[in-house]
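Let me begin by presenting the structure, written as structure tokens, before commenting on it.
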Amino acid sequence: MASIWLLLHLVGVVLWVGGMGFGVMVLRPSLAALEPPARLGLMGQVHGKFFRMVWVLMPLVILSGYMLLFGVYGGFGSVHWPIHVMHLLGLIMAGIFITIWFGPFATLKRALAAGDMALAAPCNERIRKLVGINVSLGMLAILMAAMARYSA
């Protein structure tokens, strides 16, 4: 069963962090060829599809992490410090995602529906910055996972 939890954890992390990395480093810069209204409309659709996926991935990553932590490794007292850091980073990432969903993304959706590009643009920029933070935290969490086995 541990292998299944680990697989679910890794797939969830790869899709969540990898999806954010693709969006920040590949998709967004590539959209510079579009006019701002078209770019904002497309990003609104992309955010919507990806963020709905994160609503599945985020709980999956957290649940599978706890199943590994408590069901396989014996709890917080039995793991090295990088696991504690990874746990904290995952919770912060979840909090940032929830902030994005109920904050700038909700406003972005309303602004796009109303055709208010002046309101949509700063919302999209706020999302970009928060997702950038989450990509960085996700990469740091992956580093912690790599270090965990060899740390004391």
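The values are calculated or read from the model by the stated rules, or taken from the named source; none is laboratory data. Predicted model, so just to flag it, every value in this text is computed and none were measured. Every residue, glycine among them, receives a Cβ derived from its backbone with ideal geometry; neighbour counts consider all protein chains shown. Surface areas here come from the heavy atoms of the whole protein model, side chains and all, with no ligands, DNA or RNA. Shrake-Rupley method; radii C 1.70, N 1.55, O 1.52, S 1.80 Å.
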>> Could you check segment 127-152 and list, in sequence order, the residues that are in contact with a Gly (Cβ under 7 Å, 6 or more places away or on another chain) and either of a type in the set (Asp, Glu) or more than 25 Å from Gln45 (Cβ to Cβ) (or both)?
In response: Ala141
>> I want to confirm something. Restricting to segment 76-90 and keeping residues that are surrounded by fewer than 13 Cβ atoms within 10 Å (Cβ to Cβ) and without any contact (Cβ under 8 Å) to a residue 12 or more places away in the chain, which single residue is nearest to Leu119 (Cα to Cα)?
In response: Phe76
>> Can you tell me which of (1) surrounded by fewer than 17 Cβ atoms within 10 Å (Cβ to Cβ); (2) farther than 23 Å from Met53 by Cα; (3) within 19 Å of the chain's Cα centre (by Cα); (4) not acidic (Asp, Glu) is the one Met144 doesn't meet?
In response: (1)
>> For Leu42, only one of the following conditions fails: (1) at pLDDT 95 or above; (2) more than 14 Å from the chain's Cα centre (by Cα); (3) surrounded by 14 or more Cβ atoms within 10 Å (Cβ to Cβ); (4) not acidic (Asp, Glu). What is its number?
In response: (3)
> Out of Tyr73, Tyr66, which single residue is open to solvent by 10 Å² or more (accessible area, probe 1.4 Å) and modelled with pLDDT under 95?
Replying inline: Tyr73
> Would a scan of segment 76-98 turn up a residue that is over 23 Å from Leu6 (Cα atoms), out of contact with any Cys (no Cβ under 8 Å at 6 or more places or on another chain) and part of a helix (DSSP H, G or I)?
Replying inline: yes
> So which residues in segment 3-17 are out of contact with any Leu (no Cβ under 7 Å at 6 or more places or on another chain) and either open to solvent by 40 Å² or more (accessible area, probe 1.4 Å) or more than 28 Å from Val72 (Cβ to Cβ) (or both)?
Replying inline: Ser3, Ile4, Leu7, Leu10, Val11, Val14
>> Considering only residues that are touching a residue at least 12 places away in the same chain (Cβ under 8 Å) and farther than 14 Å from Met117 by Cβ, which ones fall in segment 31-51?
In response: Leu31, Val46, His47, Gly48, Phe50, Phe51
